[in-house]
1. Residue by residue through the stretch 210-223, which ³J(HN,Hα) values in whole Hz follow from phi under the Karplus form 6.51 cos²θ - 1.76 cosθ + 1.60 (θ = phi - 60°), with glycine and proline marked x?
2. Using θ = phi - 60° and the Karplus curve 6.51 cos²θ - 1.76 cosθ + 1.60, what whole-Hz ³J(HN,Hα) does each residue of the stretch 167-182 get, with Gly and Pro shown as x?
3. Can you work out the accessible area per residue across the stretch 71-172, with the rest of the protein chains kept in place, probe 1.4 Å, in square angstrom?
4. How large is the accessible surface of K187 in square angstrom, using a 1.4 angstrom probe and rounding to the nearest 10?
5. How do the peptides 69-77, 223-231 rank, highest first, by the average count of neighbouring beta carbon atoms within 10 Å per residue?
6. Return the FRET efficiency for the residue pair D149, F230: r is the Cβ-Cβ distance, R0 is 30 Å, and the value is rounded to the nearest 0.05.
7. Of the DSSP beta bridges with both residues in the stretch 51-143, give the percent that are antiparallel, rounding to the nearest 5.
8. At a 1.4 Å probe radius, carbon and sulfur cover how many percent of the accessible area of the stretch 85-216?
Amino acid sequence: MAGYLFLPGGPLASRWNLAQPKFGQSRSIPADTALQPARPSAAATVRSQPTDALDDPIVRAGWLRSYKGGDCFFAAAMSVSSGKVAIEGYGRGIEPFQDMLAAFERRFGIVPEIGLRVISDEQCAVADFLRNFPNAPGETPDLSLDKHDLTTAEPMRGKVVAAAGAKTYLLLVDHEGLVHNLEARLKRSGSMARFDVPLGFGSAAPLGSEPSPQILIAIAGKERLKAMNFAGTPPASTILPRISSEVEARKLEMATSAQYLRIRR
């Protein structure tokens, strides 16, 4: 069996595609290429839990949350049912996800569908942030984009829907791993906040390069984050761990979600 990489134009195309890690360093995978398990299929493996437990979507989602894929690795269940699991992943390469796919198959007897986003070293702090953030249960902000592939002449439009009374933050991590605070661009109305952000030539790589990978992060909770009071565009490796540390230290009930997009000239 094989777990499949969804690319633009295929299933879940609005959210799942394959990104390029750095400009001029192509690591693309053809659209008809399946992500193969790194180890042999284990259909005959003896399961350590009752079948009912292994078929429980909550058990499968929990297994993914606890899976250790190393640095610059994030994987989360986007859709879980008794016979199907769809996963979204961020990382610098496919090998750790091959290992995860094989481990998941050994444990549950099925192979998930994987939408993998290959990110740059400078953006790896995002994968670590999403993996380690202490999300409050049931409070995940619903972040959506009107378009996931843009030119520098188009605005980036979308919305964030959070729990009633929540404070919403919006960050953009660009292709160089720099963080842009877009909180001032949010136009709030009840539990919804819309945004319309003009782009510029600095948002994309030079002409002739691959589209620039960008990661949009929404954070929502009832308390204000002191770590969000930063100036300029600091690196994600500095700001994102600071945010996570504050949430943990103050025991704040907050949650985060992310969207991936690409910008070209």
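1. My calculation for the stretch 210-223 gives 5, x, 6, x, 10, 10, 9, 10, 10, 10, 9, x, 8, 10 Hz in order.
2. 8, 10, 10, 9, 10, 10, 9, 7, 5, 9, x, 8, 9, 10, 7, 9
3. 36 Å²
4. 150 Å²
5. 69-77, 223-231
6. Numbers: r = 29 Å, r/R0 = 0.96.
With R0 = 30 Å, the Cβ-Cβ based efficiency is 0.55.
7. 55 percent
8. 49 percent
The values are calculated or read from the model by the stated rules, or taken from the named source; none is laboratory data. Remember, it's a predicted structure, so these values are computed and weren't measured experimentally. Methodologically, a virtual Cβ is constructed for each residue, glycine included, from the backbone with ideal geometry; neighbour enumeration extends over all protein chains shown. Accessible surface is based on the protein model in full, side chains and every heavy atom, while ligands, DNA and RNA are left aside. Shrake-Rupley method; radii C 1.70, N 1.55, O 1.52, S 1.80 Å.
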